[in-house]
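Rule-based calculations on the coordinates, nothing more; no lab input. The shown structure was predicted, so the numbers you read here are calculated from the model rather than taken from an experiment. With ideal geometry, Cβ positions are generated from the backbone for all residues, glycine too; neighbour counts draw on all protein chains shown.
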């Protein structure tokens, strides 16, 4: 779902309060203080699109200061993460007593569960990616290690992610159907790669290895060749070691992959109208070889076909 908001059509005295309400609804409660001459009316606009489990928005305003205060945090129960990309202008970001100067192409990870502040001395434009805590922890087991770390545009992987996000926000009003799932998967894949490359590399226990492998599987479900061999190669271990890690689990590696794919496909079937995506499109988006492959997996997982699941969801709706 795409939505767009601008203060341009509002009376000057109504603009700031209206913009605050939109930001509060889309992201989280925060204090916004305008930094412009009294004679100059505030200007702000927001575009936002829901890409599966994540929200991507483009925010642009006049110069302002933003603070996430303890009283704002108390109003929200679900801890989430925001990834803020500097597209135009510059900003000073601070969290955990670490200050970061962001220039175009840079980005930073922040937690809405802790106080933070942003200073914009001039008009700016900033894409913002909002991720639930469980999604972020699938990308990296310790997201908080990245708070206060500047991800610079001069780094190849960071620059690639920033450029891709900028291209997506420029076109997000046109995204629909199968493309939304693919864009979500690509953004999460790139972000997960950036974070993995910068994660602390301590000696990992078997439980930590298993956790990282689960995160990798969740990020790569849309790759049709995902399997024990490709996972073992990605982690530099043998397939025998990989299977050993899963011995104490309720599912084998291959069974776990099918289980997650079936869950994602069911979520897509229940969330979208019947004419939004075909059953085949959904199957291919989440890594199944074809519709019959997904159907066999659905019978095993849910005791019903994809068509029956979609019909039941439409009836309930």
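Relative to the dominant Cα principal axis of the chain, helix 206-219 is inclined by about 80°. One Cα centroid belongs to the range 134-149, the other to the range 250-285; the line between them spans 26 Å.
Shape class of the range 206-316 from the Cα gyration tensor (axes a ≥ b ≥ c, square roots of the eigenvalues): prolate, since a/c reaches 1.5 or more and a/b is larger than b/c. The range 72-131 and the range 181-233 have Cα centres separated by 25 Å. A protection proxy built from the mean count of other Cβ atoms within 10 Å ranks the segments 205-212, 126-133, 62-69, most packed first, as 126-133, 62-69, 205-212. On the beta carbon distance between residue 230 and residue 313, with R0 = 22 Å, the FRET formula returns roughly 0.10.
Taking a ≥ b ≥ c as the square roots of the eigenvalues of the Cα gyration tensor of the range 1-143, is the shape rounded (a/c under 1.5), prolate (a/b larger than b/c) or oblate? Prolate shape, in that a/c is at least 1.5 and a/b is the bigger ratio. Once C-alpha pairs closer than 8 Å and six or more residues apart are averaged by separation and normalised to the residue number of the chain, the relative contact order reads 13 percent. Each peptide in 91-101, 280-290 gets a packing score, the mean of other Cβ atoms within 10 Å over its residues, and the list from highest to lowest is 280-290, 91-101.
Kindly rank 187-195, 148-156 from highest to lowest mean number of other beta carbons found within 10 Å of each residue.
187-195, 148-156
Mean sequence separation of contacting Cα pairs (under 8 Å, at least six apart), scaled by the length of the range 151-265, corresponds to a relative contact order of 20 percent.
In terms of other Cβ atoms within 10 Å, 230, 140 run from fewest to most in the order 230, 140.
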